[in-house]
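See structure below.
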Amino acid sequence: RFWGAMTEVKREVFGQMPREEGGGVVEKFVLKLDSVKVEILSLGCIIAALEMKGRDGEFSDVVLGFDTLEGYTRKHPFFGAVVGRVANRIAKAQPGAQEKDTVFPVTLLSMAHSLQVLWSPQVLPNSVCFFRLSSDGEEGYPGDLKVWVTYTLSGGELAINYRAQTSKTTPINLTNHAYFNLAGQGRSRRDIYDHEISIEADSYLPVDDTKIPTGEVASVQGTSFDLRQPVELGKHLQKFHLDGFDHNFCLQQVQARRLVARARHPPTGRAMEVHTTQPGIQFYTGNNLDGSLKGKGASTYPRHSAFCLETQNWPDAINKPHFPNTLLQPGEEYNHTTWLVF
C-alpha cells in the first residue's frame with residue numbers, strides 16, 4: 001500500500017492477457033478517498049470502476065464495465081479506455097490531409113483507434129502514471145510517440161493528465177471513453193433519462209450521416225443543442241424528437257482550466273462536474289448500446305443507459321484548417337488535463 005495525502009493507492013493483479021495478445025499481467029490500481037473510489041487498469045488505462053456516494057451515504061459504481069479481464073479483451077465499445085492517437089472520427093484520410101508537406105497515410109480509419117494495450121504503470125502520491133511508446137507507423141501514424149497518462153485523486157476530484165512527445169509531426173487527440181450512469185451502473189432503472197445535463201458551449205459541430213463534422217460551426221441558440229441551462233435528458237430528447245447525442249460541443253478556446261459540463265442525478269443527489277483545458281467536449285448518450293453485453297454483476301447495458309462527456313480536440317480537425325490545430329511537432333509537448341469533480 002502507498003499512502004498519499006489522504007488518498008490510499010493499492011495495486012493488485014487483475015488478470016493475465018491471452019498468449020496470442022502477448023501475455024502479460026494486467027494490474028488494477030485502486031485510488032480511494034472517503035467519498036470516491038476509482039479503479040484503473042494497466043490495460044488501456046481503463047477506468048474500470050468509479051464509486052461515489054449518494055445523499056443516502058451509499059456508494060454506487062457509476063461507470064459501465066466488466067468484472068473480469070475477459071470482458072475487456074473481447075469486442076466492446078472501449079468502456080473507460082484512453083483512446084488515441086486520434087480519438088473520434090477522421091474523414092477517410094486522403095493524401096490531401098496535409099500540412100507543411102506532411103502527408104498522412106491513407107490507413108487512418110474514420111473511427112477512433114484505441115490504444116487498448118498494456119501500459120507501464122508507476123505509483124506516485126495520490127496517483128498512478130501510465131507510460132506507453134507508440135512506435136513510428138503504428139496504425140499508420142508517423143513518429144515515435146511517447147505518451148504519459150496520469151490519474152490523480154485528491155480533494156474529491158479525479159484529474160486525468162495527458163502528455164505526449166513525438167519524433168515526427170503527428171496528429172494527436174487523446175481522451176477517456178468512460179460511460180457514466182450516476183444512478184449506478186446496472187440499477188433497475190437502466191436509462192439516463194432522469195439525469196440533468198448542462199454544457200457550457202455556445203456552438204457545436206453539425207455532422208453528416210457518417211457522423212463526420214460538415215465543417216460548419218453552428219450556434220446552439222434556439223436549437224436542441226442549447227444545453228447552457230440544465231435539461232432533463234429524457235424530456236429534452238422527447239421534446240426535440242432526438243435519437244440521442246453524439247456531437248462535439250465547442251468550448252472557449254483558452255488553455256486554462258474551466259468548468260465545461262455538469263451532470264446531476266436528482267433522485268440520488270449524485271453530481272459530477274467536468275473541467276478541462278481542451279477545446280471541445282463530445283457528448284454521447286450511449287445510442288449504440290443494445291443490451292447485448294454482459295457487464296458488471298451480470299448487468300446488461302441497453303440503449304441510453306449511460307453517457308460520455310469526452311474532453312478532446314474537435315473531430316476531423318486534421319481535414320479542417322479552421323478547427324483547432326491537432327498536429328504535434330517534434331520538440332513540442334502535448335499537455336492537457338481534465339478534472340472530474342464529484
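The values are calculated or read from the model by the stated rules, or taken from the named source; none is laboratory data. On a predicted model such as this, the values are computed, not experimentally measured, just so you know. All Cβ positions, even for glycine, are placed from backbone atoms using ideal geometry, and neighbour counts span all protein chains on display. Protein only, heavy atoms only, side chains kept; ligands, DNA and RNA dropped before computing areas. Shrake-Rupley method; radii C 1.70, N 1.55, O 1.52, S 1.80 Å.
Provide a single number: the residues in the stretch 212-223 that are open to solvent by less than 20 Å² (accessible area, probe 1.4 Å) and farther than 21 Å from residue 273 by Cα. Qualifying residue count, the stretch 212-223: 4. Test residue 187 against the stated conditions and say whether it is at pLDDT below 90 and on the phi < 0 side of the Ramachandran plot. Considered against the rule, which asks whether it is at pLDDT below 90 and on the phi < 0 side of the Ramachandran plot, residue 187 comes out as yes.
Of all the residues that make up the stretch 314-323, how many are within 17 Å of the chain's Cα centre (by Cα) and open to solvent by 10 Å² or more (accessible area, probe 1.4 Å)? Total satisfying the criteria: 1.
For the stretch 124-134, the set of residues classified as surrounded by fewer than 16 Cβ atoms within 10 Å (Cβ to Cβ) and either in contact with a Leu (Cβ under 8 Å, 6 or more places away or on another chain) or assigned to a strand (DSSP E or B) (or both) consists of 124, 131, 133, listed by residue number. Only residues that are open to solvent by 10 Å² or more (accessible area, probe 1.4 Å) and not charged (D, E, K, R) were counted across the stretch 184-211, and they come to 10. Any idea which of (1) in contact (Cβ under 8 Å) with a residue 60 or more places away in the chain; (2) farther than 24 Å from residue 341 by Cα is the one residue 190 doesn't satisfy? All conditions are met except number (2).
Count, please, the residues in the stretch 148-171 that happen to be part of a loop (DSSP other than H, G, I, E, B) and either of a type in the set (Ser, Thr, Tyr) or touching a His at 6+ places or on another chain (Cβ under 9 Å) (or both).
Here is the first cut: in the stretch 148-171, the ones part of a loop (DSSP other than H, G, I, E, B) are 155-156, 167-169.
Keeping just the survivors that are either of a type in the set (Ser, Thr, Tyr) or touching a His at 6+ places or on another chain (Cβ under 9 Å) (or both) gives 167, 169.
Final tally of qualifying residues: 2.
Checking the conditions here, which among 278, 329 is buried (at least 17 other Cβ atoms within 10 Å of the Cβ) and modelled with pLDDT of 95 or more? Exactly one residue qualifies, and that residue is 278. Quick one: is residue 295 in contact (Cβ under 8 Å) with a residue 40 or more places away in the chain and more than 16 Å from the chain's Cα centre (by Cα)? Yes; evaluated as a whole, the condition is true for this residue. Restricting the first member to the stretch 121-142 and to residues that are touching a residue at least 60 places away in the same chain (Cβ under 8 Å), and the second to residues that are assigned to a strand (DSSP E or B) and exposed (fewer than 14 other Cβ atoms within 10 Å of the Cβ), the beta-carbon pairs closer than 9 Å and six or more apart or on different chains are 125/3; 128/122; 130/120; 130/122.
Do you know which of the residues in the stretch 229-248 that are open to solvent by less than 100 Å² (accessible area, probe 1.4 Å) and in a loop (DSSP other than H, G, I, E, B) is farthest from residue 288 (Cα to Cα)? Across the stretch 229-248, the extreme among qualifying residues is 230.
Any idea which residue in the stretch 197-233 is modelled with the lowest pLDDT, counting only those that are of a type in the set (S, T, N, Q) and more than 20 Å from the chain's Cα centre (by Cα)?
The initial filter retains those residues of the stretch 197-233 that are of a type in the set (S, T, N, Q), namely 198, 203, 210, 214, 219, 221, 223-224, 229.
Among the residues that remain, those that are also more than 20 Å from the chain's Cα centre (by Cα) are: 203, 210, 214, 219, 221, 223-224, 229.
Numbers: 203: 98, 210: 87, 214: 96, 219: 98, 221: 98, 223: 98, 224: 98, 229: 98.
Only one residue tops the list, namely 210.
All of (1) in a loop (DSSP other than H, G, I, E, B); (2) in contact with a Ser or Thr (Cβ under 8 Å, 6 or more places away or on another chain) hold for residue 201 with one exception: (2).
Name the residue that is modelled with the highest pLDDT, counting only residues in the stretch 41-89 that are assigned to a helix (DSSP H, G or I) and within 28 Å of residue 171 (Cβ to Cβ). Step by step, filter the stretch 41-89, then rank; the result is 72.
Looking at 238, 229, which one is without any contact (Cβ under 8 Å) to a residue 12 or more places away in the chain and farther than 26 Å from residue 320 by Cα? If you could, list the steps in order and put the result at the bottom.
Details: 229 fails: without any contact (Cβ under 8 Å) to a residue 12 or more places away in the chain.
Just one listed residue meets the conditions, 238.
Taken over the stretch 258-301, the residue count meeting the criterion of being in a helix (DSSP H, G or I) and in contact with a Leu (Cβ under 9 Å, 6 or more places away or on another chain) is 1.
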